[in-house]
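Read the structure below first, then the notes.
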Amino acid sequence: MMLKFRLAGGGEREIPVRYALNAGYAGRDTAQVQHHVDELADLGVPAPSRIPTLYPLSATLVSRPEVVQVPHGRTSGEAEWALVVGDGPDDLLLTVACDHTDRALEVHGVAWSKQSAPDVVGDVAWRLSEVEHELDEFTLKAWVRHGEDEQLIQDGTLAQLLPPSYWVKELGDQLKPGTVLLSGTIPMIAGVDQFADGWRVELTDPRGVTSKISYSVEQLAPAWD
């Protein structure tokens, strides 16, 4: 897929996607990471053997759908940032992302579940070199929609997540041109139903520039089996 972004500083950029990586359990705060592990444990997802984790995925999963089609009612998104590698390791863009995941399949294997639904990316991107010094001030929020009612489900900042510099150092040559890396997510607000009819995610810089995602979730008819 060819990703086209509007750049926060002006202009546009197109980057062909060749590789996809999803980080997991990537919070800076150990207690918050454990909170996310506990959230997933409530859904039957086993705890990881290594933190943070990394899942290589098919590049075809990176997309910008208006509708995400799912096989059942237990799928949900996760608000994240995404790092997009342009021509090389010094050509990096930052945008918003939503990792839609099959929670029913996740209990059998997180890597499998991440291969079953898209990594949705935003419309606006920042040149990482221009904003890296202020990333902790970026806000990351997500809302779920049930029918006509929308409710905030995630509300935090990038200070809660391992920064892009961590992954650049750890992955090195694995960040090839055309790689899209998702960051892992922040905790969900307790009591909000994540199994929703739609998701909306926003990443906003200190000047109020926002990268956005919005999509509906459509449940398909049952399989003939």
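FYI, it's all coordinate maths here, none of it is from the lab. Quick caveat, the model's predicted, so the values are computed rather than measured. Backbone-built Cβ (ideal geometry, glycine too); neighbour counts: all protein chains shown.
In table form, for the structure just shown:
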item: Calculated FRET value between D197 and E12, using beta carbons and R₀ = 41 Å, to 0.05; result: 0.85
item: Neighbour cut-off at most 15 other Cβ (10 Å), DSSP loop, GluC sites (Glu not before Pro), region 1-69; result: E66
item: Size of charge dipole - region 2-219 - debye, nearest 20, with Cβ of Lys, Arg +1 and Asp, Glu -1, no other charges; result: 460
item: R0 of 45 Å, Cβ-Cβ distance A31-K4: FRET efficiency to nearest 0.05; result: 0.70
item: S216/H133 FRET efficiency (R0 35 Å; Cβ-Cβ; nearest 0.05); result: 0.45
item: Cα gyration tensor shape of region 100-175, rounded if a/c is under 1.5, else prolate or oblate by comparing a/b with b/c; result: oblate
item: Chymotrypsin sites (Phe, Trp or Tyr not before Pro), loop per DSSP, at most 16 other Cβ atoms within 10 Å - longest free stretch of the chain; result: 1-194
item: Cα-based helix-to-principal-axis angle, 30-42 vs the chain, degrees rounded to 10; result: 30
item: Where GluC sites (Glu not before Pro) fall in DSSP loop in region 70-172, at most 14 other Cβ within 10 Å; result: E148
item: Dipole moment magnitude, nearest 20 debye, region 1-92 about Cα centre, only Lys, Arg, Asp, Glu C-beta charged; result: 200
item: Whole-number D in µm²/s for region 24-154 (Stokes-Einstein; Kirkwood sum over Cα pairs; 25 °C, 0.890 mPa s); result: 150
